[in-house]
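J.: Sharing a structure below in structure tokens format, with a few things to ask.
The values are calculated or read from the model by the stated rules, or taken from the named source; none is laboratory data. Everything numeric in this text was worked out from a predicted model, so none of it was measured. Cβ placement follows ideal geometry from the backbone for every residue including glycine, while neighbour counts extend to all protein chains displayed.
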Amino acid sequence: MATLEKIRSKSVFLIVVIGLALLAFIVGDALTNSRNLFGNHTTVAKLGNAKIDITDYQRKREELNQQLEEARRNNPQQFANFDTQVLPEMAVEQLIQEALVLNAAEKAGIRSTGSALRYYMLEMPQNPEVIKIVRQLNAAGIAAQTPQQAYEIIFNPKRNGLTEAQAEPFQRAWLAAEKATEKMIKQQTYQRLLVGAVRANDLDRKALYNDYIATSNVDFAFLPFGKLDEKVYPVSDQEIKARYDKDKGEFMVEQPTKEISFIAVNISPSADDQKVSKELAAKTVAALNAGGQLSKELKKEGVSVNRQSLRGSDLPARLKEAVQNGGDSARLVSENIAGFTAVRVISRTTEIDSIQVNVVSAASETLGRKVLAALNAGLPADSVTARFSADSVAAQTDQWIPLYTAQGATNALPQTQLDSLRNAGGRYISLQAGPQGMVMAKIVKQNAPVTIYTFDEASYTLTPSTKTKNDARTNFEKFLGANNTAEKFNANAAKAGYTVQKFVVTSETPAVPRMQGMDQYYPDTRQVMRWVMIDGEQGEVSHIYNASDATHPAMYAVAIDDQYENYVPVSNKLVREILTDRIRADKAGDKLVEQYGKKTQSLQSAAQAMGVEVRNIPAFRFGNSTASGIGDTKVVGKIAGSKADKKVIITKGADGVYVYQVMGQNKENFPYNEQQYDQQYFQLINPDLFKMLKGTDKINNRIYNFEAGE
């Protein structure tokens, strides 16, 4: 009773305590969620003990961006269409592999020695950051030609005329490069050890050798299944389930996987948009004929005009006929759903497109006048350094100066200088003179005159109008509103005029693929993949996503049909098709073996019954089975294991029925080369070092939590 009274007397206090505890829980949970929302949880990906922090990820992303920019500069055609949507996954993949190797190296006790670090930092720098530091020193006006010189300057600043403050940023950069190089040395050392661990022993090498030298003379006949009749070889759900249980390991997935249905709506200009384009084209032609000045209305609509002066050989193919043969009136060169191009020729002139000159420079104007007089008195340009001080004069002879290139006039020389050179009658003239010296030149040779065409090119890119885009969005929204489940989405898309594409995706899928198996992706679909992998659940349909390209606008929507983590389920359409084909082939094989097995008194009679021809493999090798023409590896194994007793054997394969007999066996007299079979063993095993380190661990890839926001 006393206890009860105590509880009652404390009831208000308890309520307050419980309320505060509940509030703390709610606030704490909110704070935790806010840390998730605002990115304080910084692990981008994880595999076992290997973790990728956001800082390392951002650094790697920047490295890949720089590599891509450099690749585009060096090979613009090859990398112009490289899709940057793949860079996040590339960064994660590289970092995970690096972390796995580094962790394994640490566990194995591998260290980078001082001599190795010196070699890779100073003598043969492998880390590009070292070269970058050398360049930065030179950019700061500190001469350093080699990493050794850079190291001396950075860590002995006073001896090299630097303050500690000037050297400190370079020291930090150098120490960071050392740390990265230490990691690289450990990784490379461990990788070499790992590769070296995959080696053939004596038995392995001998087995490969024996498989290659052992040959059989084989006669065989093959009846392919072709397309098997479903009615003749029916397959039940129970049979599919049983076969799935048997072959389930083939359908394992390494990370959470989702099957999606995807619709891309490419918005094209409407008939009204094309009508407006035609009207603009007519107004543009009229404006060009009136002098080439476009009205504010035309400019506002997006019509632009560009005046060019080009040689006939440099005219773009699309303009060539109109510019060379089209007269002086403006005309349309092209007009289609992409827009229009119009052109008007302003003039056709004959001009010299390049000249060859001798150029001589002198260190002072006074000396220059002496040199100029000597040149015009007959002194060859290449002899000025012999008559005058070589430190005070310089000559460049027979230098071609292009006045026109494929891009038009170069303005390599001011018109006044060019006119002076042409009017000099083959004599040297002063092009520039002053306290800093004198530059003089003369024309040695001129190319034959060519026709220069000056013309105005007006162009307009036709894009869908705002109304067209709004109408397309309204229709798409209407469809999604009425079909807000994956089942309805798939069932009714075709009726509404939309094409559904099916994809199987994981967190490693960079974006929605344009085609199955192709490294091409729909623009701006990382945002779609983010919804699929983070927010969407099985059976749900996304909202509309937009591509950012104003010229080719597009809308996307996606439905999640299925999701699984360990195995592709037996309900999967492709899995059912694979299993059904296997079961049907087994049934057909059993039936045909029974049917023709009774007629195998001879290989010839069996082949005749099957309606096929007998073929011969004079030197069948198990160690080179691809050359046999037999497509089933199990059948290859059976033949290799058969005795040379000329017994006629019929067996089913995955692709048809085989009848064969081993007519004889032999051993080739090839020399045994240990190194050769070491290499063959490695090629046969084809070790995946990443999988060797990864084992059964699965990657937890959280990249979409950090990239491609809504």
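J.: Here are the criteria: (1) without any contact (Cβ under 8 Å) to a residue 24 or more places away in the chain; (2) under 16 Å from residue 407 (Cα atoms). Tell me which single one residue 300 does not satisfy.
T.: Status for residue 300: all satisfied but (2).
J.: Separate question: Of the residues 143, 173, 150, 167, only one is in a loop (DSSP other than H, G, I, E, B), among the hydrophobic types (A, V, I, L, M, F, W, C) and over 30 Å from residue 701 (Cβ atoms); which? Explain how you work it out, then say what you get.
T.: Working: 173 fails: in a loop (DSSP other than H, G, I, E, B); 150 fails: in a loop (DSSP other than H, G, I, E, B); 167 fails: in a loop (DSSP other than H, G, I, E, B).
Of the residues listed, the single one that is in a loop (DSSP other than H, G, I, E, B), among the hydrophobic types (A, V, I, L, M, F, W, C) and over 30 Å from residue 701 (Cβ atoms) is 143.
J.: Among the residues in region 185-201, are any assigned to a loop (DSSP other than H, G, I, E, B), free of Cβ contacts under 8 Å to residues at least 24 places away in the same chain and not small (Gly, Ala, Ser)? Before the answer, list the steps.
T.: Keep residues of region 185-201 that are assigned to a loop (DSSP other than H, G, I, E, B), which gives 198-201.
Next, from what is left, pick out any that are free of Cβ contacts under 8 Å to residues at least 24 places away in the same chain: 201.
Narrowing the set further to residues that are not small (Gly, Ala, Ser) leaves 201.
Checked against the condition, which is being assigned to a loop (DSSP other than H, G, I, E, B), free of Cβ contacts under 8 Å to residues at least 24 places away in the same chain and not small (Gly, Ala, Ser), region 185-201 yields at least one hit.
J.: Now for a different question. Only strands (runs of 3 or more DSSP E) wholly contained in region 615-710 count here; list those with 2 or more residues that are touching a Ser or Thr at 6+ places or on another chain (Cβ under 6 Å) and more than 21 Å from residue 588 (Cβ to Cβ).
T.: On the way: elements: 615-620, 649-652, 656-667.
In region 615-710, 615-620, 656-667 are the strands (runs of 3 or more DSSP E) which contain 2 or more residues that are touching a Ser or Thr at 6+ places or on another chain (Cβ under 6 Å) and more than 21 Å from residue 588 (Cβ to Cβ).
For every residue, the table says whether it meets (1) in contact with a Pro (Cβ under 7 Å, 6 or more places away or on another chain); (2) closer than 30 Å to residue 669 by Cβ; (3) surrounded by 17 or more Cβ atoms within 10 Å (Cβ to Cβ); (4) not β-branched (Val, Ile, Thr).
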residue	(1), (2), (3), (4)
140	no, no, no, yes
148	no, no, no, yes
154	no, no, yes, no
164	yes, no, no, yes
169	no, no, no, yes
185	no, no, yes, no
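J.: So if I check each of 631, 637, which one is surrounded by 12 or more Cβ atoms within 10 Å (Cβ to Cβ) and more than 36 Å from the chain's Cα centre (by Cα)?
T.: Details: 631 fails: more than 36 Å from the chain's Cα centre (by Cα).
Going through 631, 637 in turn, the sole match is 637.
J.: Name every residue in region 470-489 that is in contact (Cβ under 8 Å) with a residue 60 or more places away in the chain and buried (at least 17 other Cβ atoms within 10 Å of the Cβ), in order of residue number.
T.: Once the filter is applied, which keeps residues that are in contact (Cβ under 8 Å) with a residue 60 or more places away in the chain and buried (at least 17 other Cβ atoms within 10 Å of the Cβ), region 470-489 yields 472, 476, 480, 486, 489.
J.: Evaluate the following for residue 528: is it surrounded by 18 or more Cβ atoms within 10 Å (Cβ to Cβ) and within 28 Å of the chain's Cα centre (by Cα)? Steps first, answer last, please.
T.: Values: surrounded by 18 or more Cβ atoms within 10 Å (Cβ to Cβ): yes; within 28 Å of the chain's Cα centre (by Cα): yes.
The answer is yes for residue 528.
J.: Determine whether residue 689 is surrounded by fewer than 14 Cβ atoms within 10 Å (Cβ to Cβ) and out of contact with any strand residue (DSSP E or B) (no Cβ under 6 Å at 6 or more places or on another chain).
T.: No; evaluated as a whole, the condition is false for this residue.
J.: On to the next question. I'd like the full set of residues that are among the β-branched types (Val, Ile, Thr) and out of contact with any Leu (no Cβ under 6 Å at 6 or more places or on another chain), limited to region 426-457. Steps first, answer last, please.
T.: Just the residues of region 426-457 that are among the β-branched types (Val, Ile, Thr), to begin with: 429, 439, 443-444, 450-452, 454.
429, 444, 450, 451, 452, 454 - these are the residues of region 426-457 that are among the β-branched types (Val, Ile, Thr) and out of contact with any Leu (no Cβ under 6 Å at 6 or more places or on another chain).
Rundown of residues vs (1) among the basic types (Lys, Arg); (2) under 20 Å from residue 221 (Cα atoms), yes/no style:
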{"residue": "614", "(1), (2)": "no, yes"}
{"residue": "641", "(1), (2)": "no, yes"}
{"residue": "647", "(1), (2)": "yes, yes"}
{"residue": "653", "(1), (2)": "no, yes"}
{"residue": "664", "(1), (2)": "no, yes"}
{"residue": "672", "(1), (2)": "no, no"}
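J.: Moving on to the next point. Every residue in region 158-193 that is aliphatic (A, V, I, L, M), over 14 Å from residue 98 (Cα atoms) and within 34 Å of the chain's Cα centre (by Cα), please. Walk me through it before giving the result.
T.: Taking region 158-193 first, the residues aliphatic (A, V, I, L, M) are 162, 165, 167, 173, 175-177, 180, 184-185, 193.
Retained after the next criterion (residues that are over 14 Å from residue 98 (Cα atoms)): 162, 165, 167, 173, 175-177, 193.
Within region 158-193, 173, 175, 176, 177, 193 qualify.
J.: If residue 278 satisfies all but one of (1) in the same structural domain as residue 512 (by TED's automatic domain parsing); (2) within 30 Å of residue 344 (Cβ to Cβ), what's the number of the condition it fails?
T.: Residue 278 satisfies all of (1) in the same structural domain as residue 512 (by TED's automatic domain parsing); (2) within 30 Å of residue 344 (Cβ to Cβ) except (1).
J.: Same structure again: Condition first: outside any helix (DSSP H, G or I) and touching a helix residue (DSSP H, G or I) at 6+ places or on another chain (Cβ under 8 Å). Can you find one or more residues in region 580-591 that meet it? Walk me through how you get there before you give the answer.
T.: Here is the first cut: in region 580-591, the ones outside any helix (DSSP H, G or I) are none.
No; the residues of region 580-591 include none that is outside any helix (DSSP H, G or I) and touching a helix residue (DSSP H, G or I) at 6+ places or on another chain (Cβ under 8 Å).
J.: Going through 512, 500 one at a time, which residue ends up being at pLDDT below 95, among the β-branched types (Val, Ile, Thr) and closer than 30 Å to residue 472 by Cβ? Quick ask: steps written out before the conclusion?
T.: Working: 500 fails: at pLDDT below 95.
Answer to the selection: 512.
J.: Restricting region 290-317 to residues that are closer than 16 Å to residue 333 by Cβ and among the hydrophobic types (A, V, I, L, M, F, W, C), which is surrounded by the fewest Cβ atoms within 10 Å (Cβ to Cβ)?
T.: Among those residues, the one meeting the criterion is 317.
J.: Can you tell me which residue among 532, 528 is out of contact with any helix residue (DSSP H, G or I) (no Cβ under 9 Å at 6 or more places or on another chain) and assigned to a helix (DSSP H, G or I)?
T.: Working: 532 fails: out of contact with any helix residue (DSSP H, G or I) (no Cβ under 9 Å at 6 or more places or on another chain).
Result: 528 is the single residue among 532, 528 that is out of contact with any helix residue (DSSP H, G or I) (no Cβ under 9 Å at 6 or more places or on another chain) and assigned to a helix (DSSP H, G or I).
J.: Return yes when residue 80 is buried (at least 17 other Cβ atoms within 10 Å of the Cβ) and among the small types (Gly, Ala, Ser) and no when it is not.
T.: Working: buried (at least 17 other Cβ atoms within 10 Å of the Cβ): no; among the small types (Gly, Ala, Ser): yes.
No: the conditions fail for residue 80.
J.: Shifting gears a bit: Which members of region 634-661 meet the condition of being in contact with a helix residue (DSSP H, G or I) (Cβ under 7 Å, 6 or more places away or on another chain) and not aromatic (Phe, Trp, Tyr)?
T.: Of everything in region 634-661, those that are in contact with a helix residue (DSSP H, G or I) (Cβ under 7 Å, 6 or more places away or on another chain) and not aromatic (Phe, Trp, Tyr) turn out to be 636, 640, 648, 650, 651, 652, 653, 654, 657, 659, 661.
J.: Sticking with this structure for a sec: Pairs needed: first member in region 122-141, assigned by TED's automatic domain parsing to the domain that holds residue 156 and touching a residue at least 40 places away in the same chain (Cβ under 8 Å); second member anywhere, assigned to a helix (DSSP H, G or I) and among the β-branched types (Val, Ile, Thr); C-beta distance under 6 Å; at least 6 residues apart or different chains.
T.: Pairs found: 127/181.
J.: Could you say whether any residue in region 153-160 is assigned by TED's automatic domain parsing to the domain that holds residue 113, more than 30 Å from residue 687 (Cβ to Cβ) and outside any helix (DSSP H, G or I)? Give the steps one after another, and end with the answer.
T.: As a first pass, look at region 153-160 and keep what is assigned by TED's automatic domain parsing to the domain that holds residue 113: 153-160.
From what is left, the residues that are more than 30 Å from residue 687 (Cβ to Cβ) are 153-160.
Checking which are outside any helix (DSSP H, G or I) leaves us with 156-157.
Checked against the condition, which is being assigned by TED's automatic domain parsing to the domain that holds residue 113, more than 30 Å from residue 687 (Cβ to Cβ) and outside any helix (DSSP H, G or I), region 153-160 yields at least one hit.
J.: crowded, with 16+ Cβ neighbours inside 10 Å, part of a loop (DSSP other than H, G, I, E, B) and at pLDDT 95 or above: is that true of residue 556 in this structure?
T.: Working: crowded, with 16+ Cβ neighbours inside 10 Å: yes; part of a loop (DSSP other than H, G, I, E, B): no; at pLDDT 95 or above: yes.
So residue 556 fails the test.
J.: Within region 486-525, track down each residue that is part of a strand (DSSP E or B) and hydrophobic (A, V, I, L, M, F, W, C).
T.: Initial filter on region 486-525 (part of a strand (DSSP E or B)): 500-506, 513, 521.
Within region 486-525, 500, 503, 504, 505 qualify.
J.: Please name all residue pairs, on different chains or six or more residues apart, with Cβ atoms under 6 Å, provided the first residue is in region 558-573 and is in the same structural domain as residue 241 (by TED's automatic domain parsing) and under 15 Å from residue 249 (Cβ atoms) and the second residue is of a type in the set (Asp, Glu) and part of a strand (DSSP E or B).
T.: Once the first residue is in the same structural domain as residue 241 (by TED's automatic domain parsing) and under 15 Å from residue 249 (Cβ atoms) and sits in region 558-573, no partner that is of a type in the set (Asp, Glu) and part of a strand (DSSP E or B) comes close enough.
J.: Right, here's the next one. Output yes when any residue across region 93-106 is in contact with a Pro (Cβ under 7 Å, 6 or more places away or on another chain) and either hydrophobic (A, V, I, L, M, F, W, C) or buried (at least 16 other Cβ atoms within 10 Å of the Cβ) (or both), and no when none is.
T.: Pass one, region 93-106, residues in contact with a Pro (Cβ under 7 Å, 6 or more places away or on another chain): none.
No, every residue in region 93-106 fails to be in contact with a Pro (Cβ under 7 Å, 6 or more places away or on another chain) and either hydrophobic (A, V, I, L, M, F, W, C) or buried (at least 16 other Cβ atoms within 10 Å of the Cβ) (or both).
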